[in-house]
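Participant: A single structure is presented below for examination.
Bear in mind these aren't lab numbers, they're just calculated from the coordinates by the rules spelled out. Remember, predicted model here, so these are calculated numbers, not experimental data. Cβ sites come from the backbone with ideal geometry, for glycine too, and all protein chains shown count toward neighbours.
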Amino acid sequence: MTRTSQVRERLLARIAAYRELVRAQVRGQAQYRMSFAVDLAGSVAFGVLDIVTVFVLFRVSPSLAGFSFPEVFLMTALASCAFAVADLLVGNVERLRVYVRTGLLDAVLVRPLGALTQLVAMDVAPRRVGRAVFGAAILMVAAMQAQLALTPARAALLVGAPIAGAVIFSAVFVATATVSFWWIEAGEFGNALTYGGHDFTAYPISIYGALLRRLFAYGLGFAFVAYYPALALLDRADPLGAPAALGYASPLIAAVAAGAAALMWRTGIRHYRSTGS
Amino acid sequence: MAAGGSSPSRGDLRLLGAYVALAVAGFRRYATYRQAMLAAIFTNTVFGFLRAAVMFAVVGAGAAAGYDEPRLATFVWAGQGLIGVVLLWAPTELADRIRTGDVIADLLRPVDLVWQQLAADLGRAALAVLTRFIGPMAVGALAFTLHAPRRPATYALFACSMLLATAVCFGCRFLVNAAAYWLLDARGPQVAWTLASGVLGGLYFPLWFLPRAAALAIVLATPFPSVIQLPLDILVERGSTSAQVALLAVQAGWAIAMLGLCRWVQRLGERKLVLQGG
């Protein structure tokens, strides 16, 4: 066999292995059909609640820190869509905590597939697809509600911002889970950053105090999930004084976040392996 | 047991002693979960800052739906603390025991399962007041101007309210777990409970932000506001003393209803266990 055909064989075998993992999981899940339906409805319901909250808040006051309802609705929709997609992609990484504690991670590491990919594929949740689809639909509604003047650049941003946001959220998911490699019980603290991050990004960051902004919006990059993209889409000035086109930098921030998370993961796995488990 | 006589018999006193012992056991058990407690306090604190920011942005400098800024601050921070006291998130320990059959050991004891679990839960709640409530409240008090109770009666009313809220929440959590008698998977009831307790309990927004009729209907017709919303309304003194007492009465009604429902469901569940040959 030639070299290239060998490489191709190996690649095809790998893809087949991943596909079988996912397929087996989906089969197993579909057997609990009633439970699956409830799960799906529940997941979508959480997304609905985020939107309902914005409605109710604006029932009480016509503006939120100077932003109108369509503007905040757009931010919430961007945040929810990004979070739902991230949850779909890497939501299972929070199980790392359990795997490390019970030693199951060793079984994962023995296999000739990437540990992170296995973890993520190991418990495919079709319900998360429902929430992601709902997120995308709500984003469309929010964009129409805000009556965006869509130039080609803005249209690209409307599609790209949730993806970039999902990458940022995914990076935070993976990074907070990685702490389990060093400190097993620290996983619980990560919820404040992941779920808290979602709540943070759903509203204009100008409502938060300086310290909170510095940590979440800039330190973790959450401002680039919904706030700056929304400002760019709405062609609205930033009360904090940042340039209007900052929203277009989201993919860049997402790349940086992904790189940092990948580095943390590699270091974590190496540390776990080297401690003689 | 000897009939007649209004004085408690020896058996009754011993039974009460058993429940007190169970409560103390619950207290001591949760005292060992130090890491989980710290993580929970940390998470509640972060959410306290986030929610307070949103609430202030909505209210601005004035007031909304009967809440001014200090009241909203107290609402948010005491709410985060209260989550730990009532234990809003339902652990599925009992459901797992039902599924594996280990619950038989609990049923063989001479104490009723519902009161047994309630006693342990009250012990846990007592510890939570000292840890998961005080923690976020302290941070909130340092970082914000909270509404200090103006009427001395509020303290006593709030203490009673917390007790009733814990009982109502316990009842709901027990029912979520008791679904395991009939369902393979308690996930459905758990998801439904998390959703309902969150939105209808007043965690996403104070219920009074909704149209008055809707809010009133939810408060009276569902147990969820009795868990978080009503204790907080009592604490921030939203309304007169008679309003506070009225809210307490609603909570008491729901506590009795939920506990009664628990005992009924438990009896049905026991019968199902027996039918299955357990």
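Participant: For B:37-43, what's the mean count of beta carbons from other chains sitting within 10 Å of each residue's beta carbon?
Facilitator: 4
Participant: Summarise the partner chain shielding of B:177-189 as one whole number: the mean count of Cβ atoms from other chains within 10 Å of each residue's Cβ.
Facilitator: Mean partner-chain Cβ count within 10 Å for B:177-189: 2.
Participant: Helix-derived [θ] at 222 nm for chain B: sum -39500 (n - 2.57) over DSSP H runs of at least 4, divide by residue count, nearest 500?
Facilitator: Value at 222 nm, helices only, nearest 500: -23500 deg cm²/dmol.
Participant: If I take every Cα pair under 8 Å that is 6 or more residues apart in the range B:11-275, average their sequence separation and divide by the length, what percent do I get for the relative contact order?
Facilitator: It comes to 25 percent, rounded to a whole number.
Participant: Follow-up. Could you tell me which helices of chain A pass both thresholds, a Cα extent of 18 Å or more along their own axis and a mean Kyte-Doolittle hydropathy of at least 0.5, with helices taken as whole DSSP H runs?
Facilitator: What comes out of the filter, once short or polar helices are dropped, is A:33-60, A:69-90, A:126-145, A:152-178.
Participant: First check a/c for the protein assembly as shown, with a ≥ b ≥ c the square roots of the eigenvalues of its C-alpha gyration tensor; if it is under 1.5, answer rounded, and if not, answer prolate when a/b is larger than b/c or oblate otherwise. Display every interim value, and only then the final one.
Facilitator: On the way: a/c = 1.99, a/b = 1.24, b/c = 1.60.
Judged from the Cα gyration tensor, the protein assembly as shown comes out oblate (a/c at least 1.5, b/c at or above a/b).
Participant: For chain A, what is the calculated [θ] at 222 nm in deg cm²/dmol (nearest 500), taking -39500 (n - 2.57) for each run of four or more DSSP H residues and dividing by its residue count?
Facilitator: Computed ellipticity for chain A at 222 nm equals -24000 deg cm²/dmol.
Participant: Now, a different point. Projected onto the charge dipole of chain A (+1 at Lys/Arg Cβ, -1 at Asp/Glu Cβ, origin at the Cα centre), which of A:Ser180, A:Leu233, A:Gly114 gives the Cα projection farthest towards the positive end?
Facilitator: Highest projection toward the positive end goes to A:Gly114.
Participant: Which Cα, out of B:Gly60, B:Thr166, B:Leu200, lies furthest along the positive dipole direction of chain B (beta carbon charges, K/R +1, D/E -1)?
Facilitator: B:Thr166
Participant: Between the range B:142-189 and the range A:147-204, what's the alpha-carbon centroid distance in Å?
Facilitator: If you average the Cα positions of each part, the centres end up 31 Å apart.
Participant: By average Cβ neighbour count within 10 Å, what is the ranking of A:247-259, B:115-127 from highest down?
Facilitator: My ranking of the peptides, most packed first, is B:115-127, A:247-259.
Participant: Could you point to the residue in B:Thr45, B:Tyr30, B:Ala105 farthest towards the positive end of the range B:11-275's charge dipole, with +1 and -1 charges on the Cβ of Lys/Arg and Asp/Glu respectively?
Facilitator: Towards the positive end, the residue furthest out is B:Ala105.
Participant: While we're looking at this one, here's another question. If I require 24 Å or longer along the helix axis, counting alpha carbons, and a Kyte-Doolittle average no lower than -1.0, what helices from chain B are left? Use full DSSP H segments.
Facilitator: Membrane-span-like by this criterion, though nothing is claimed about a membrane: B:10-31, B:34-59, B:69-86, B:153-178, B:241-275.
Participant: A further question follows. If we count other beta carbons within 10 Å of each Cβ, what is the order of A:Trp183, B:Trp208, B:Trp89, B:Trp77, fewest first?
Facilitator: Least crowded to most crowded, the residues run A:Trp183, B:Trp89, B:Trp208, B:Trp77.
Participant: Determine the dipole magnitude for the protein assembly as shown: charges of +1 sit on the beta-carbon of Lys and Arg, -1 on that of Asp and Glu, nothing else is charged, the reference point is the Cα centre, and the result goes in debye to the nearest 20.
Facilitator: Dipole of the protein assembly as shown, to the nearest 20 debye: 1060 debye.
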